[in-house]
Amino acid sequence: MIIEKIKIYKYSIPMHPFTIATGTMHFAQNTLIKVFTDSSVIGIGECSAFPMITGETQNTCYEMAKDFAALWKRKDALNIEERLNDLHSFTAGNTTIKSAFDMALYDIAAQHAGQPLYQFLGGTKKEMLTDITVGIGTPETMAAQAKAFVENGASILKIKLGKNATDDVLRIKSIRTAVGHKCKIRIDANQGWSFDDAKNALVQLAEYDIEFCEQPMRVYNDDKLPELMHVSPIKIMADESVYNHHDARRLITNKACHYINIKFAKSGGIHEALKIIEVAKQYNIPCMMGGMLESRVALTAFAHFSAANPQIIFYDMDTCMLGHKVDPVIGGVTYNSYNVILPDGIGIAANVEENFLTQCVQTSI
């Protein structure tokens with residue numbers, strides 16, 4: 001199945017400001033690609049640039065996508081390993097935009113096999129209950145938002161922290177007071193704490209019944225994670241510290257995390273994420289499926305991947321619920337309250353309204 005052309009879109013989605021420890025996003029800086037083949041099968045892929053985490057912007061993704069598309073023209077779309085090696089040989093890193101190309105290949109392969117992507121990956125449908133994220137603000141505003149989410153049916157809250165450890169304890173105290181013990185609370189410091197801040201905050205937060213803490217410290221403090229694991233009463237999930245399966249093995253064998261958060265924007269897509277899963281299986285480490293600020297296109301791919309991998313038991317698949325002002329996606333996953341429901345079509349089974357795409361900056365290679 002030969003690749004004939006690739007369309008690339010600056011797939012910008014306006015949103016209400018969303019703040020984490022490392023910055024604020026005012027729109028989802030997404031890139032969408034469509035890979036056209038000589039058999040009329042079209043693969044779709046999406047990524048969401050989060051520059052304060054991965055170092056990529058929408059502009060860098062768009063420009064790299066042009067080079068990637070040129071590398072793939074007139075080549076076999078079904079040879080996933082070779083096509084991804086084309087990209088890796090051309091440039092190191094750039095995992096965010098690579099994930100969109102990876103996603104499109106798996107969409108093509110699943111369509112060619114006549115299967116939904118989760119079946120193509122060896123899975124079956126399962127229940128996937130997502131958390132919902134509360135961005136950083138004052139303790140009062142965060143508590144009010146958390147309470148509203150719970151009143152709307154949320155049973156798992158993910159709370160962004162990492163601005164100031166002392167204030168972070170007050171934030172969680174206010175939230176737990178507001179919501180009681182009706183829901184689970186997860187916290188995510190997004191690398192915002194020093195070792196001492198993390199140690200002190202996690203000890204103080206133990207009384208508020210926290211399920212786990214994501215990425216408490218900067219990646220350059222990974223060597224301190226084993227010590228933090230020893231003193232923390234709250235379990236630790238690695239996020240930014242794990243981009244690939246080598247990172248996963250390094251952290252797990254150093255006893256530096258209890259859990260791993262898998263994101264395609266970090267792993268470069270499904271192909272590498274499957275390798276992370278294999279390492280996690282080997283050491284019996286549960287995983288979470290996470291994302292950046294993707295629309296329901298990529299979110300649907302996340303759900304397919306999660307359904308195919310029992311090692312994934314936590315779901316942070318609220319990306320398009322985090323203040324997106326528009327939803328231009330056709331098909332794809334839906335929500336039943338906070339349960340993520342997979343579509344029945346073959347491949348990823350999600351697309352974007354053509355009227356929306358005509359308004360996007362775009363090119364064809």
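Packing, as the average of other Cβ atoms within 10 Å across residues, places the peptides 327-334, 36-43 in the order 327-334, 36-43, highest first.
The overall shape of the stretch 50-182, judged from the alpha-carbon gyration tensor, is oblate: a/c is not under 1.5, and a/b is no greater than b/c. The residues packed around ASN351, meaning those with a beta-carbon under 14 Å from its beta-carbon, carry a net charge of -2 if Lys and Arg are +1 and Asp and Glu are -1.
Computed from Cα positions, the angle between helix 270-283 and the longest principal axis of the chain comes to roughly 40 degrees. Angle of helix 80-90 to the longest C-alpha principal axis of the chain, folded into 0 to 90 degrees and rounded to 10: 80°. Between 0 and 90 degrees, the angle of helix 165-179 with respect to the longest Cα principal axis of the chain falls at about 90 degrees. Each residue in MET317, MET217 was given a count of other beta-carbon atoms within 10 angstrom of its own, and listing them fewest first yields MET217, MET317. Which option, [x] 31; [y] 23; [z] 10, is the value of percent of Cα pairs over 40 Å apart that was calculated from these coordinates? Recomputing percent of Cα pairs over 40 Å apart here picks out [z]. Annotation for ASP38 and ASN339: the two label points, set 7 Å from Cα along the Cα-Cβ direction, are 4.6 nm apart.
Checking the cross-link pairs LYS34/LYS75; LYS125/LYS160; LYS224/LYS255; LYS34/LYS263; LYS10/LYS66; LYS235/LYS255 against a 19 Å limit on the alpha carbon distance flags LYS125/LYS160; LYS34/LYS263 as lying beyond it.
Net charge of the neighbourhood of SER39, taken over other residues with C-beta under 13 Å away and scored Lys/Arg +1, Asp/Glu -1, is -3.
Per-residue Cβ neighbour counts within 10 Å put ARG171, ARG249, ARG83 in the sequence ARG249, ARG83, ARG171, beginning with the fewest.
Each Lys and Arg contributes +1 and each Asp and Glu -1, all at the Cβ; summed about the Cα centre of the chain, the dipole is approximately 140 debye.
With θ taken as phi - 60° and the Karplus curve 6.51 cos²θ - 1.76 cosθ + 1.60 applied, the whole-hertz 3J(HN,Hα) list for the stretch 205-222 is 7, 4, 5, 9, 6, 9, 5, 6, 10, 8, 5, x, 10, 4, 4, 5, 9, 4 Hz, x standing for glycine and proline. Where both residues lie in the stretch 119-346, what percent of DSSP beta bridges are antiparallel, nearest 5? Rounded to the nearest five, the antiparallel share is 15 percent.
The residues neighbouring LYS275, those whose beta-carbon lies less than 15 Å from its own, together hold a net charge of +1 under the Lys/Arg +1, Asp/Glu -1 convention. Taking a ≥ b ≥ c as the square roots of the eigenvalues of the alpha-carbon gyration tensor, the stretch 153-195 is classed oblate because a/c is 1.5 or more while a/b is no larger than b/c. Among PHE120, PHE68, sorting on how many other beta-carbon atoms sit within 10 Å of each Cβ, with the fewest leading, yields PHE120, PHE68.
Rule-based calculations on the coordinates, nothing more; no lab input. It should be emphasised that the depicted structure is a prediction, and the values quoted were computed from it without experimental measurement. We place every Cβ from the backbone using ideal geometry, glycine too, and count neighbours over all the protein chains shown.
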